[in-house]
Every structure is written in C-alpha cells, then in structure tokens.
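Undergrad: The following block contains the structure, expressed as structure tokens.
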Amino acid sequence: MSILFTPTRLGTLDVANRFVRSATGEGMCEADGAVTAALVDVYRALAVGGTGLIVTGHSFVRADGKAGAGMTGVHSDAMLPGLSALVGAVHETSAKVVCQLNHAGRQTQPEAIGGATPVAPSAVTNPANCVTPRELEAEEIEPLIEAYVDAAERCRRAGFDGVQLHCAHGYLMSEFISPHTNRRDDEWGGSVAARARFPLEVLRRIRSRLGREFPVLVKLNAEDFIAGGLILEESCAIGGLLEAEGIDAIEISAGMAETVERIMRKDITTEEQEAYFLPYARAFRQHVSVPLLCVAGLRSLAVMEQVVEGGAADMVSLCRPLIREPDLPAKFAAGSSRRATCISCNQCVRGPGKRLGCALDQTVA
Ligand SMILES: Cc1cc2nc3c(=O)[nH]c(=O)nc-3n(C[C@H](O)[C@H](O)[C@H](O)COP(=O)(O)O)c2cc1C
C-alpha cells in the first residue's frame with residue numbers, strides 16, 4: 001500500500017491518510033462572511049473525495065481583517081450556524097477539518113473593510129494593491145491577539161478539529177514575521193524572536209484558553225522572495241520557536257502578494273517542476289521534529305510518495321488540483337496513477353456568486 005494511505009497524527013489529531021487540502025479562499029460566503037449552502041457542498045465534495053485533512057480557506061478573525069468579497073468570517077458568533085454546517089458535512093465522512101485563521105493586514109483594500117485604512121505592523125506600502133497601511137499602535141496589538149483566540153474558540157464550538165494560523169503569504173502574521181513589513185522598534189519588532197512574538201503569543205493564549213489538546217497548526221513562509229524580507233535561516237529558527245511553544249504541525253510555503261506568481265507557480269507539466277517548495281521542507285526537517293506539510297506544485301502520485309517516503313514531510317498538501325478534481329485522492333486510492341489534470345493556469349474560478357471551480361471546465365465557468 002502506498003504510504004499516502006497510511007494514517008498519521010498531528011498532536012491529538014488523527015488523520016486517515018496523508019492528503020491535505022491546502023487552504024483555498026473560495027470567496028463564496030455572504031457579504032457578512034456567513035457560510036453558504038454552496039460552500040458546504042464544496043467541503044462535502046472534498047471530504048467524500050478522500051482528502052484526510054481539509055484546511056478551510058482563510059477566514060477573517062475580525063471585520064477589519066477581511067481580504068476581499070466572499071471571504072469566510074469567524075469573527076462573530078452569528079457565523080456559528082454556517083460554520084457548524086460546513087463541519088457537519090465533512091464529518092459525515094472520516095475526514096478532518098481545520099479552520100485557517102487570518103487577518104489580512106495590509107493585503108486588503110479599504111472598500112473591503114468599510115472604508116477603513118488597513119492596519120499592519122508598519123506603514124510599508126503594498127505594491128500589489130497600492131495600499132499604505134496604518135501602523136498599529138502598541139495598545140492595538142493585544143485586542144488583535146484576542147480576536148485570533150476568540151476565533152479559535154468559536155471554531156472549536158463549531159466543531160472544527162483544530163485551527164491553522166496563517167503565517168504565510170504576506171497577511172498580518174506574516175507581516176509581523178517579515179523584516180520587510182515589520183520595521184517596529186518596540187517589543188514586536190527587531191530580532192527574529194520579537195517578530196515572531198505575535199503568532200507565538202496567539203498560540204500561547206489559544207493553548208491556555210482551549211487546552212493542550214486542541215490542535216493548532218501553522219502555515220509559515222520559508223522566504224518572502226523580497227529583498228530585505230524573511231529568509232530561510234530565520235524561518236527555520238521560527239519553526240523551532242513554534243515547536244517549543246507546542247505547535248502541532250507546520251505547513252511550509254513562501255511568498256507574499258507582491259510575489260504571488262512564486263507562491264502559485266504556473267504551467268507545472270513535468271515531475272521535475274513539482275514539489276517546488278520541497279527544499280524548504282528538507283531544511284525545516286533539519287531544525288524541527290514536529291510534523292511537516294509540504295505544499296506547492298504536487299501533481300503526481302509518485303512525487304507525493306517520494307516527498308513522504310523521503311522523510312521531508314509527513315503529509316502532502318494540495319490546492320489547485322483539488323479545485324479541479326476534489327476526488328483526486330479517491331482516484332489514487334482506487335488504483336489510478338494518472339497525475340492531476342490541473343494545468344496550473346491560475347484561472348481558478350471563485351468569488352461572490354460563483355462556485356469554486358476550474359476554468360477549463362465550462363460547466364463551472
Ligand atoms: C484560488 C486559490 C485560493 C487560495 N487561497 C489560499 C488561502 O486562503 N490560504 C492560503 O494559505 N493559501 C491559499 N492559496 C495558496 C494555496 O494554498 C497553495 O499554497 C498554492 O496554491 C500552491 O499549491 P498548489 O500548487 O497545490 O496549488 C490559494 C491558492 C489559490 C489558487
């Protein structure tokens with residue numbers, strides 16, 4: 001049997017196989033962030049399709065952290081019925097589901113957050129959307145930490161199997177970690193430990209409020225791909241700090257909105273082009289012993305097996321292939337060794353009023 005169909009454990013979280021659906025913002029929620037019936041169907045299809053662990057699309061922990069229209073909200077108890085329905089659909093199978101907690105920081109537009117100026121650790125302009133955020137006052141940081149912890153508690157009440165802290169791709173936690181976007185000279189900026197303090201503090205508070213058993217994962221940038229940004233040596237050190245603080249698993253990604261084409265490489269057609277962040281997983285493996293999730297460019301069963309068998313990561317995490325084929329793991333389980341039919345064109349269909357889907361499939365476009 002392929003190693004990909006053997007069970008694994010992340011902290012207290014038992015997962016039936018090694019397939020993860022990497023967080024995928026579907027943009028399919030109501031204007032207030034409430035889960036729609038169509039979104040519940042997306043999760044049912046993923047669960048039935050054989051993915052062992054599903055990470056939700058990034059979900060805003062506070063109204064001013066919304067990245068764009070249709071984003072899922074975990075900021076208010078009014079969201080609980082929809083969130084519970086989503087979890088319920090997944091739990092009709094043996095699949096597990098964790099909610100990716102996010103605050104968009106400077107990677108949003110004032111229009112998405114009621115006309116307010118986006119907040120960030122420092123007022124560094126985001127060239128991807130031409131927004132210059134407002135620097136957070138020191139006393140504004142504590143309520144933000146609490147917003148994450150409140151959201152984690154809400155997720156547990158909704159029945160989620162855990163949460164994933166979004167520390168990648170240039171959103172608020174990643175902005176704290178990156179020396180490019182964090183120019184602070186107080187206790188939240190400067191050294192690697194000070195820049196990592198915000199997510200570490202959130203992790204500590206979640207642990208103290210919800211207990212050691214509630215699974216907390218992280219998606220972390222290995223690098224930002226920006227001059228003066230986060231580098232691998234620093235991110236590996238942050239991996240160690242997270243491990244010491246009891247993180248249950250680390251998913252390793254890289255890049256920010258201004259380098260998005262490096263987060264989601266296009267035109268992956270050969271096995272050699274796959275698993276393009278695998279070298280980062282290998283580097284992390286030298287520094288931490290916590291379970292690792294390898295994401296980005298995984299398309300072939302053979303490559304996925306090599307990633308896990310080689311010991312670089314415990315699980316393989318897929319985004320774009322599962323938009324086109326939510327049943328890809330089930331196909332592999334049934335004996336198919338055909339690679340994912342996703343062509344990595346980055347034309348995935350999503351957004352308000354649209355069902356998450358593949359642009360190649362005329363029926364969903
Ligand atoms: C439509 C779409 C939405 C995404 N939304 C998120 C998200 O909400 N959170 C996140 O961490 N990454 C998000 N990503 C990035 C993916 O999780 C993943 O890191 C990246 O696409 C590379 O993996 P892949 O080659 O399997 O697609 C998104 C990617 C796409 C294409």
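Each reported figure results from applying straightforward, stated rules to the coordinates on display, with no laboratory input. Everything quoted here is computed from the prediction, not taken from an experiment. Positions of Cβ are generated from backbone atoms using ideal geometry, with glycine treated the same way; all protein chains shown enter the neighbour counts.
Undergrad: What does the net charge come to around I268 if you take all other residues with beta carbon closer than 11 Å to its beta carbon, with K and R at +1 and D and E at -1? Numbers along the way, then the final one.
TA: Numbers: positive: R265, K266, R299, R320, R339; negative: D267, E271, E272, E274.
That sum, taken over residues with Cβ under 11 Å, equals +1.
Undergrad: Take the Cα atoms of the stretch 111-170, find their three principal axes, and give me the spread along each one in whole Å, biggest first.
TA: 38, 26, 23
Undergrad: Using a simple spin-label model with points 7 Å from Cα along the Cα→Cβ vector, what separation in nm is obtained for A244 and A138?
TA: About 2.3 nm, to one decimal.
Undergrad: Oh, and also: Report the net charge of residues surrounding L83, where surrounding means a beta-carbon distance below 11 angstrom and charges are Lys +1, Arg +1, Asp -1, Glu -1. Could you put the intermediate results ahead of the total?
TA: Details: positive: R154, R156, R157; negative: D77.
Charge balance in the 11 Å sphere: +2.
Undergrad: With a cut-off of 8 Å between alpha carbons and a minimum separation of six or more residues, what is the relative contact order of the chain in percent? Could you put the intermediate results ahead of the total?
TA: On the way: 839 pairs, mean separation 62.0, N = 365.
That works out to 17 percent.
Undergrad: Which residues does a label at V48 reach in the stretch 65-102, if reach means a backbone N under 16 Å from a point 7 Å past the Cα toward the Cβ?
TA: 86-95
Undergrad: Hey, if you drop one equal point scatterer on each alpha-carbon of the stretch 135-237 and run the Debye formula without solvent, what base-10 log of I(q)/I(0) do you get at q = 0.20, 0.22 Å⁻¹?
TA: Reported log10 I(q)/I(0), two decimals: -1.01, -1.16.
Undergrad: Quick one: in the chain, what % of C-alpha pairs are over 27 Å apart? Don't jump to the answer; show the numbers that get you there.
TA: Details: 27298 of 66430 pairs.
Cα-Cα pairs in the chain separated by more than 27 Å: 41 percent.
Undergrad: Want the number for S84 to E305: 0.36 nm per residue separation, take away the alpha-carbon distance, what's left?
TA: Working: separation 221, 0.36 × 221 = 79.56 nm, distance 3.34 nm.
Roughly 76.2 nm would be gained on extension.
Undergrad: Also, quick follow-up: Among K266, K66, rank each residue by its count of other Cβ atoms within 10 Å, from fewest to most, as a rough exposure measure. If you can, show how the numbers build up before the last one.
TA: Working: K266 11, K66 28.
By the 10 Å Cβ count, ascending, the order reads K266, K66.
Undergrad: Ok, one more. For the chain, return all DSSP H helices satisfying: extent of Cα atoms along own axis at least 27 Å; mean Kyte-Doolittle hydropathy at least -1.0.
TA: Values: long enough: 138-158 (31 Å, -0.42).
Helices meeting the span and hydropathy rule in the chain are 138-158.
Undergrad: Fewest Cβ neighbours within 10 Å first, please rank Y148, Y171 accordingly. Working shown, then result.
TA: Details: Y148 28, Y171 25.
Taking fewest neighbouring Cβ atoms as first place, the list is Y171, Y148.
Undergrad: I want to check the label-to-label distance for S76 and S2. Put each point 7 Å from Cα in the C-beta direction and report it in nm to one decimal.
TA: With each label placed 7 Å out from Cα toward Cβ, I get 4.3 nm.
Undergrad: Between the stretch 281-354 and the stretch 114-148, what's the alpha-carbon centroid distance in Å?
TA: Here the answer is 32 Å between Cα centres.
Undergrad: Hey, how many Å between the Cα centroid of the stretch 167-214 and the Cα centroid of the stretch 38-63?
TA: Result: 25 Å between the Cα centres.
Undergrad: Set the Förster distance to 22 Å, then compute FRET efficiency between A31 and D186 from the Cβ-Cβ distance, nearest 0.05. Could the numbers behind the result be given before it?
TA: On the way: r = 36 Å, r/R0 = 1.63.
Result of the calculation: an efficiency of 0.05.
Undergrad: Please give the length that would be gained between E233 and A69 if that part of the chain were fully extended, namely 0.36 nm times their separation in residues minus their C-alpha to C-alpha distance (nm, one decimal). Write down the numbers at each step before the final one.
TA: Values: separation 164, 0.36 × 164 = 59.04 nm, distance 3.56 nm.
Length gained, E233 through A69: 55.5 nm.
Undergrad: Kindly put K96, K354 in sequence by how many other C-beta atoms sit within 10 Å of each C-beta, fewest to most.
TA: On the way: K96 24, K354 15.
Exposure proxy ranking, most exposed first: K354, K96.
Undergrad: What is the local net charge at Q164, summed over the other residues whose Cβ is closer than 14 Å to its Cβ (Lys, Arg +1; Asp, Glu -1)?
TA: On the way: positive: R21, K96, R156, K219; negative: D161, D248, E251.
Here the charged neighbours net out to +1.
Undergrad: Work out, step by step, the length gained on full extension between N346 and V260: first 0.36 nm times the residue separation, then minus their alpha carbon distance; give nm to one decimal. Mind showing how you got there, number by number?
TA: Details: separation 86, 0.36 × 86 = 30.96 nm, distance 1.06 nm.
Between N346 and V260, full extension yields 29.9 nm more.
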